[in-house]
Amino acid sequence: MSRPYVVTISSEKGGVGKTTLATNLAIYLKAINEDLPVTLFSFDNHFSVDRMFRIGRSPRQGNVLQMLSEETVGEAMELGEYGVQFIPSSGELWSIRDQVSSPGQLARILAASDLSGIVIIDTRPDLDVFTQNALFAADRVVVPVKDAPSLENCKHLYEFFDRQQLSRRTIRILPCLIDQRIHYDGPFRDPYQLLKAYAINRGYRCLEGFIAKSPKVESLNTNPEGRIYPVITHGRGTEVHVQFAHLARQIYLGTIENQQRRLDQVAEEIGRERSERDESFTTRRANLHSDCLLCDKPLVNPESIAPAGYYCETSDGATSGFLEEDCFAGLVFPYFYRSRRQIDASDPLRDLFRESAQRSYFVLRRAPNTRGHYQQQLSFYRFDEEGLEISHKIIELTELNQSVGQDALPLLGPLLQRTTLLDGENRLSDAFLLIRRVSSDFAEEILYDEQYRQFRKIADKIAAQLPAC
Ligand SMILES: Nc1ncnc2c1ncn2[C@@H]1O[C@H](COP(=O)(O)OP(=O)(O)O)[C@@H](O)[C@H]1O
Ligand SMILES: [Mg+2]
């Protein structure tokens with residue numbers, strides 16, 4: 001089953017006939033082909049959609065807020081009158097405004113859904129993030145304009161399309177609420193001709209025809225039953241009936257002529273992003289040092305990463321690998337916290353350290369201003385989760401050249417040698433080693449896209465703060 005054709009009705013002006021158009025269009029499309037699934041989403045006031053489509057007094061099911069926060073269409077949708085499926089708006093939409101940060105969120109949800117046929121989206125009269133989401137997913141954007149100011153406003157919509165690198169050809173202007181009693185002298189005889197000329201003059205494409213202003217149509221949302229009646233059932237004698245029918249046919253033909261769907265494109269982009277992500281993950285995993293960088297015990301094999309305590313990576317990206325939990329604690333206590341007593345695995349100090357390390361980043365690097373010095377010093381920094389320095393200790397590596405790998409530096413030596421912290425001449429390089437605690441039963445989580453990006457972000461932040469060495 002192919003993905004749906006998405007029609008978004010949008011205009012920054014209120015009262016131009018968007019909601020009337022969106023709701024009626026759904027019904028006229030159903031009338032053209034009753035087997036065609038038609039789904040209406042509303043990001044506008046929910047009353048109009050409820051009052052037109054809710055069957056009897058059936059309880060409300062879901063709304064677009066639920067769809068966006070649960071990231072699935074499923075439960076939110078209900079079957080309404082005239083065979084139209086719908087998801088009404090929510091008065092609480094503002095509460096997730098900050099969570100909906102990208103204009104592509106709705107498109108992703110729709111691309112992953114099993115919707116087909118046509119989806120019509122009604123929007124609020126502004127270009128907020130919800131309208132942007134509706135525009136981003138669209139195969140066709142219909143912009144009702146009723147006068148020169150509403151046409152002027154289209155500029156912002158086109159600018160949004162340009163910014164998002166979407167095709168302007170998606171957008172079509174439709175003169176609406178045209179008062180046919182008005183006539184002008186000169187080449188443009190009425191408001192429709194004039195608006196159309198303005199639009200074409202600005203390089204905007206128009207749909208064929210217009211929607212007239214009709215008192216009968218306006219009266220369809222005021223009746224003792226408290227419902228909103230469609231033009232197709234209650235306004236057949238009006239010109240608007242013929243105009244809506246013509247409009248629906250244009251949209252319907254568009255879905256047939258245009259086999260390429262915007263949501264297919266979105267799905268392709270998602271697939272591409274995913275495979276790029278998988279590829280970077282695979283590369284990161286393949287480049288790992290297979291043994292604990294401190295004790296040489298094998299940690300990484302093709303299937304799994306043995307319980308590891310810490311992930312580390314040099315700033316030049318040349319070395320990356322894991323450290324065993326106890327190895328790192330064994331390094332930290334004697335060297336950096338100058339603990340003379342033996343801290344064994346059951347010591348509460350270790351628990352305390354393990355616990356607080358969860359929220360820290362550790363850095364090893366040559367001490368500040370020691371380049372070229374014979375006596376080498378190593379800095380050990382601790383940063384918080386935001387990458388702000390908490391502490392800094394310096395240890396002397398006086399005998400480093402002689403004692404690397406030997407008794408004097410039983411743990412530190414191998415770590416320095418296995419990473420690019422030591423250069424070819426066994427002297428401390430400018431690189432630093434960033435160490436981050438990982439979850440011991442899922443160590444490789446840190447190599448996944450989002451977590452890894454965070455690790456790199458902190459690495460950059462720390463690099464910018466470290467003093468010259
Ligand atoms: N073709 C029409 N003729 C007369 N009145 C209309 C027509 N279309 C819409 N209206 C009325 O205009 C008002 C605004 O329409 P609406 O569809 O709610 O616009 P929007 O969604 O752009 O704010 C409503 O009172 C509606 O009944
Ligand atoms: Mg509206």
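The values are calculated or read from the model by the stated rules, or taken from the named source; none is laboratory data. This is a predicted model, so every value here is computed, not measured. Positions of Cβ are backbone-derived with ideal geometry, glycine not excepted, and every protein chain shown enters the neighbour counts. Quick note on the areas: whole protein, heavy atoms, side chains included, nothing else; ligands and nucleic acids left out. Shrake-Rupley method; radii C 1.70, N 1.55, O 1.52, S 1.80 Å.
What the table below lists for this structure:
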| item | result |
| --- | --- |
| Relative contact order for the stretch 5-270, counting Cα pairs under 8 Å that sit 6 or more residues apart, in percent | 25 |
| Total charge dipole magnitude, the stretch 5-270, about the Cα centre, Cβ charges on Lys, Arg, Asp, Glu only, Debye to nearest 20 | 740 |
| Net charge over other residues, Cβ less than 11 angstrom from the Cβ of HIS289 (K, R count +1; D, E count -1) | -2 |
| The chain, helix-only ellipticity at 222 nm - DSSP H runs n ≥ 4, -39,500 (n - 2.57), divided by all residues, nearest 500 | -10500 deg cm²/dmol |
| Acute angle (nearest 10 degrees) that the helix 239-257 long axis makes with the longest principal axis of the chain, alpha-carbon atoms | 40 |
| Spin-label zone in the stretch 128-168 - amide nitrogen under 14 Å from a point set 7 Å from the Cα of GLU268 along the C-beta vector | 167 |
| Dipole of the stretch 289-465, positive end: most advanced residue of PHE336, ILE446, SER320 [Cβ charges, Cα centre] | PHE336 |
| The chain: relative contact order in percent, alpha carbon pairs under 8 Å with at least 6 residues between | 13 |
| Gain in span if fully extended, HIS373 to ALA197, counting 0.36 nm per residue against the direct Cα distance | 55.5 nm |
| Tilt relative to the chain, helix 18-32 - C-alpha long axis, 0 to 90 degrees, to 10 | 80 |
| For ILE171, residues with placed amide H under 5 Å, excluding near neighbours | VAL141 |
| Linear extension gain, GLU389 paired with ALA245, 0.36 nm per residue minus alpha-carbon span | 45.1 nm |
| Accessible area of the stretch 289-465 belonging to carbon and sulfur atoms, whole % at 1.4 Å probe | 47 |
| Debye, to nearest 20: dipole size of the chain, +1 on Lys, Arg Cβ, -1 on Asp, Glu Cβ | 1500 |
| Spin-label zone in the stretch 181-224 - amide nitrogen under 20 Å from a point set 7 Å from the Cα of ILE32 along the C-beta vector | 205-212 |
| Cut-off 16 Å, label 7 Å out along Cα→Cβ of LYS155, residues of the stretch 201-227 by amide N | 201-204 |
| Rg over Rh [alpha-carbon atoms, Kirkwood Rh] for the stretch 289-465 | 0.93 |
| Mean projected area (nm²) of the alpha-carbon convex hull when the chain is viewed from all directions | 30.6 |
| The stretch 134-148 - phi-based ³J(HN,Hα) in whole Hz, Karplus 6.51/-1.76/1.60, Gly and Pro as x | 5, 6, 4, 8, 7, 8, 9, 10, 9, 10, x, 10, 10, 7, 4 |
| Rounded FRET efficiency, nearest 0.05, which uses the C-beta distance separating TYR184 from ARG205 and R0 of 22 Å | 0.40 |
| Acute angle (nearest 10 degrees) that the helix 154-163 long axis makes with the longest principal axis of the chain, alpha-carbon atoms | 30 |
| ASP441 paired with ARG277, simple spin-label distance in nm, labels 7 Å along Cα-to-beta-carbon | 2.3 |
| Difference of contour (0.36 nm per residue) and Cα-Cα distance, LYS216 to ASP296 | 20.4 nm |
